[in-house]
1. Once the other residues with Cβ under 11 Å from the Cβ of Gly301 are scored (Lys, Arg +1; Asp, Glu -1), what is the net sum?
2. Which value, in Å to one decimal place, does the Kirkwood hydrodynamic radius take for region 140-198 when every pair of different Cα atoms is included?
3. Go through Lys189/Lys273; Lys341/Lys506; Lys252/Lys330; Lys393/Lys521 and tell me which ones have a Cα-Cα distance over 32 Å in this structure.
4. Counting only other residues whose beta carbon sits under 10 Å from that of Arg571, what net charge do I get with K and R as +1, D and E as -1?
5. With a point put 7 Å past each Cα toward its Cβ, work out how far Arg340 is from Glu368 in nm, to one decimal.
6. Going 7 Å from the Cα of Arg400 in the Cα-to-Cβ direction, what parts of region 552-586 have a backbone nitrogen less than 19 Å from that spot?
7. To the nearest Å, what is the center-to-center distance of region 227-255 and region 335-356, using C-alpha atoms only?
8. Taking the highest mean first, how do the peptides 528-537, 175-184 order by number of other beta carbon atoms within 10 angstrom per residue?
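Every read-out reported here was derived from the displayed coordinates using simple, explicitly stated rules and does not represent laboratory data. Nothing here was measured: the structure is a model prediction, and the numbers come from that model. Please note: Cβ atoms are built from the backbone with ideal geometry, for glycine as well, and neighbour counts cover all protein chains shown.
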Amino acid sequence: QAQPPWWTAGMARVRRLVRLTFSAASGFALFGLFGEHHGAGRRFESSGHPCAACQDAFACPDGGLLARRGIELSREKLCRTSMRAIIPRPVGGPAVKRKLPKILKMHQVDGASRDQGPLRPLLLKSNITATLEAGVSLEGRGGLRGRQREAVIAHLEEMNALRAQGDPMPATVYWDFENMQMRPNHRLKHREHLMRILRWLAGVLDAPVTGTEAVEFTRYARTPDSAYNNGECNWYSTMRQLNGIVHRVWPKMTDRADIVLLERMQGALEEMKLMGPKRMLVLLSTDKGFTPMLEAAQSEGVTVVRLTGEGLASYYPGGEDFSVPISIPKWWYMDFMVGRKLDVLRPMEEWNPLQGPYPWQAGEVSLEAPEGEEQDLRRFHDFLALPEPPVSKFSGVFRREGVWMNDTLAMRLQQLDGISAEEREAIEEHAAALDKGEGGETAAHVYWNFETMRLLPVGPSQRELLARIVRWIEGFLGMPVRRTEVSRFVEPWERIGSYSHDWLEKMQGLGMVIHRVWPPKAEAPNMALARGIGSWSRGKIAEAMQSPAPRVICVLAEDIPFDDALRDAQRAGITVVLIGKDGVGHFYPAGRDFRTAFEIQPWETLTDNLAEVPANPFTPGVSLPDAPLPVAYREEAPIDPRWGDPEGLALDDSELLPALIPAGRPGAGM
């Protein structure tokens, strides 16, 4: 029967009141429940509802759907779905590590999600190959059984085949220094200590180590020389000296170094996938966040080895789905043993039986760092203007601007700009004549004003430094030096060699001709040299010379105000090269009536470089003071501390004009 209107309206009000009352009660119950859970000491996000995850599971409580469904609230279910941290997890990096108490950790059965391999670790022999061979051996307790043993046998046969062909699989080491640190050792140099660690790794892996990568948190794009010379231990700088790759990262962030190493491992996998040759990936880290990447690399057929600081290593055979645990020495113990003064990696022949069994064998380390591999991942605010340190000579980025000490005369003349066509033609003729050996004997004479072009007794011995200057002139001119004459103020009563560091005595011992000049007039040393230079252009005097005319005359003087003698030699068909003190030289081409200026190193800079350079600067591959090689390559550069070869100069010190030039007397100016 139809109810009266007043009854229908009254019942609608009652139902609405009951619905609102039940919804309010449910809301208070949820508030009390979440307030108890969220007050446990951690902050969680608030999105207008006590828990955003509960909205997805039970719909919005504003509509009262919970009451209509009659679902009983589950405390456990809501608590598990409501936990969400404020800090987001890093993209592409390891998972956020939370240390939970043991009572709250979920029990996971070994092998439930992945076959963990054998439960008992194998004991490390001399290397991993010997360990795996002992593990698959049927004699005694090897440790590997079933399909794992068969897979390891096939893997060992493949690796041994590569070694038999003389092409063992190389290894690249990814070093997490935050977890696997080294202690400074006063017994060894830092480079030797780090190299021993790498040699130990190569021996344990039974594979040559061709690369190592690490991550350094630093503000600077280059390591200044002070960081190499201050004596403090910086393992990142040491690794760069050994030709390792160290990526620069800033600012410091949690797991930032792990993210960089994971990206580098992923790039290595892509490179091996495209280019073909495989290499072994070795990880030095105790962090468990790398495990998914290691398993992914193994699934692609790449062999992976992981060494931890807790005395356990894991060997992942390429293409398999298990890892072989190996018991190794703990990292601190290994660092201590390798860092001892007595090398534990010395050959077996040098091992004393009283020193115990031979523990490990050293491997081959040949680090390769292609240019551009070191990444600069520093990030700064725009308003920060950080000064960059000066260029570093140790890292090989220093390059002296302008002229280098191994530039030849032909190079300096060819690089001239803004010269006339006649000058360019004279330069080309000079170069062609030198190539053909025309224009007289292909030899040079040097005339040296020692009053203005002095030397300091630094670096090698005085004889060696003088010989190096002569050798540098030979390389600069492109021809041997046959005769050298030197002028200097010498008092009439002074005897050459009266004091130990007398330069004239060392010059005389090398076969150089000494002109004693007195009284001390400013132009007298140049005039003494000019008389010897001009004698080659005077008819009868030149014919009376007891030696053939030189092809080039090189003059070392600050300046010659009156160059009549130089121009006379130029007209006589002799090329004259004047090397000044302030970095400017002059070229007098033979048979012409002009001179051309060119740039050269200042005399002080040149002599300092000649005292430092380890070998002849014109030898290919030498580490020059103008452009030093990185420390990693300096061991391969040629080194010859006696490259001047004073005994092999064979300079002519005979009298050229014994009959035409009278003997000088004190006070005569020569």
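1. Residues near Gly301 contribute -1 overall.
2. 15.5 Å
3. Violating the 32 Å Cα-Cα cut-off are Lys189/Lys273; Lys341/Lys506; Lys393/Lys521.
4. Once positives and negatives cancel, what remains is 0.
5. It works out to 3.5 nm between the two label points.
6. Flagged as within label range: 556-558, 579-586.
7. Spelled out, the Cα-based centre of one part sits 29 Å from the other.
8. Ranking, from highest mean packing down: 528-537, 175-184.
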